[in-house]
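Structure, as structure tokens:
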Amino acid sequence: MASVSSSPSDAYSEGLGGFLESLAASHGSLGHPQLCQRPCVHMAKRGSCSLGSACRFCHDTHSKAPLKMEKAQREIMQAMRKEDVRTLLIPHIQKRLQQLELTEKAASLLLLFGQELYSDVQHAFKDINQRDLSKLNRFLARLPLLALVKYFPSTSPTTVDAQLDLLRSELDQQRALMQGVVIQL
Ligand SMILES: [Zn+2]
Ligand SMILES: [Zn+2]
């Protein structure tokens, strides 16, 4: 009978280097907590991940499970015109960027999104129930930046992805700076 207790990918069998690597921040952690990817299940379960820094999921601590939109709300948003979805999302994205002090760094992203908005705001939300709209707004107000951007129907997703990468490195620089300050104290 073969033992299944230690697989070749087991972090502990790869020595200290492998062990440290298994605790490393991952590719998916970039921009944590506002722009990182979903939390890594291995990290959450075992406190380590054999993929180490190459893992595309987030290795940082997430206190809560990611917020999920209710089915009814999802259907309402899917039925909305793209212009309405954009008009709905833009204030939330702007607010989050302000909170993160990223407004300046996100200028190109906001410009890009601005081009995809209604030229005439009078037409926005014409056939949408006011209660549904408030409910959606309350939900969106709780989402991290990445989730908001993912809901935005953009006409140039590759440009958006490149802009997000810039914002991720900016957030990580901010974070490193903060940690530096804490260590010096
Ligand atoms: Zn994260
Ligand atoms: Zn992982």
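The values are calculated or read from the model by the stated rules, or taken from the named source; none is laboratory data. It should be emphasised that the depicted structure is a prediction, and the values quoted were computed from it without experimental measurement. Methodologically, a virtual Cβ is constructed for each residue, glycine included, from the backbone with ideal geometry; neighbour enumeration extends over all protein chains shown.
If you take the residues in the stretch 22-52 that are farther than 27 Å from E101 by Cα and of a type in the set (G, A, S), which one is nearest to ligand 1 (Cβ to nearest atom)?
My answer is A44.
Any residue at all in the stretch 146-153 that's in contact with a His (Cβ under 6 Å, 6 or more places away or on another chain), closer than 18 Å to A106 by Cβ and either touching a residue at least 24 places away in the same chain (Cβ under 8 Å) or not assigned by TED's automatic domain parsing to the domain that holds L100 (or both)?
Within the stretch 146-153 (the criterion being in contact with a His (Cβ under 6 Å, 6 or more places away or on another chain), closer than 18 Å to A106 by Cβ and either touching a residue at least 24 places away in the same chain (Cβ under 8 Å) or not assigned by TED's automatic domain parsing to the domain that holds L100 (or both)), the answer is yes, since at least one residue qualifies.
Return yes when K95 is assigned by TED's automatic domain parsing to the domain that holds E170 and either within 15 Å of ligand 1 (Cβ to nearest atom) or modelled with pLDDT under 95 (or both) and no when it is not.
no
Residues being assigned to a loop (DSSP other than H, G, I, E, B), crowded, with 19+ Cβ neighbours inside 10 Å and of a type outside the set (G, A, S): count how many of those fall in the stretch 44-77.
Residues meeting the conditions: 5.
I need every pair where a residue in the stretch 35-50 that is modelled with pLDDT of 90 or more has its Cβ under 6 Å from the Cβ of a residue that is in a strand (DSSP E or B) and surrounded by 14 or more Cβ atoms within 10 Å (Cβ to Cβ), sequence separation at least 6 or different chains.
Pairs that qualify, where the first residue is modelled with pLDDT of 90 or more and the partner is in a strand (DSSP E or B) and surrounded by 14 or more Cβ atoms within 10 Å (Cβ to Cβ), are C36/C58; Q37/C58; P39/C58.
Before we move on, is G28 within 16 Å of ligand 2 (Cβ to nearest atom), part of a helix (DSSP H, G or I) and within 26 Å of T155 (Cα to Cα)?
yes
Just one of (1) at pLDDT below 90; (2) within 16 Å of ligand 1 (Cβ to nearest atom); (3) in a helix (DSSP H, G or I) trips up Y12, so point out which.
Condition not satisfied by Y12: (2).
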